[in-house]
Amino acid sequence: MWLAVLAGSLTGIPGVVGGSIRLTNNCPDVYVRPYAAATGVIPLANDTLVFLAIAWRLMKNANADKKNNLNPIKTGFKILAFGDYLLPLSKAVLQDGQAYYL
């Protein structure tokens, strides 16, 4: 996935065609090729997959009482949204990932 981010980020360089404004040194974007959208889409997909993988693994390691849990969906939401039932370091990693992703 890292290589896809690298390759996708490089598509912005040849994907944007610039033009000139007469009598100035400015060069605005005249045309953007469709594949240049990969510059933003692929890193977003990578960040999403990394965040989901970390959150899923932290949820699996949560200290929620699985025997007396009547509503596992509610407990799972509390773990993923607020970091309930997590150790302090795991909670900090989850909240830091949430802040980065947002």
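Throughout, read-outs are computed from the coordinates displayed, never taken from laboratory work. If you're wondering where the values come from, they're calculated on a predicted model, not measured in any experiment. Note: ideal-geometry Cβ built from the backbone for every residue, glycine included; neighbour counts use all protein chains shown.
Tabulated results
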item	result
Where Asp65 falls short, out of the listed (1) acidic (Asp, Glu); (2) farther than 25 Å from Trp2 by Cα; (3) surrounded by 10 or more Cβ atoms within 10 Å (Cβ to Cβ)	(3)
Residue list for the range 34-51, filter: surrounded by 12 or more Cβ atoms within 10 Å (Cβ to Cβ) and under 8 Å from the mean Cα position of the chain (by Cα)	Pro43, Leu44, Ala45, Asn46, Asp47, Val50, Phe51
Pairs, first under 23 Å from Thr39 (Cβ atoms) in the range 15-29, second surrounded by 10 or more Cβ atoms within 10 Å (Cβ to Cβ) and among the β-branched types (Val, Ile, Thr), C-beta under 7 Å, six or more apart	Gly15/Val32; Val16/Val32; Val17/Val30; Gly18/Val30; Gly19/Val30; Asp29/Val16
Pairs with Cβ under 6 Å, 6+ apart, first in the range 84-102 and touching a residue at least 40 places away in the same chain (Cβ under 8 Å), second surrounded by 11 or more Cβ atoms within 10 Å (Cβ to Cβ)	Leu94/Leu58; Leu94/Gly83; Gly97/Phe51; Gly97/Ile54; Tyr101/Phe51
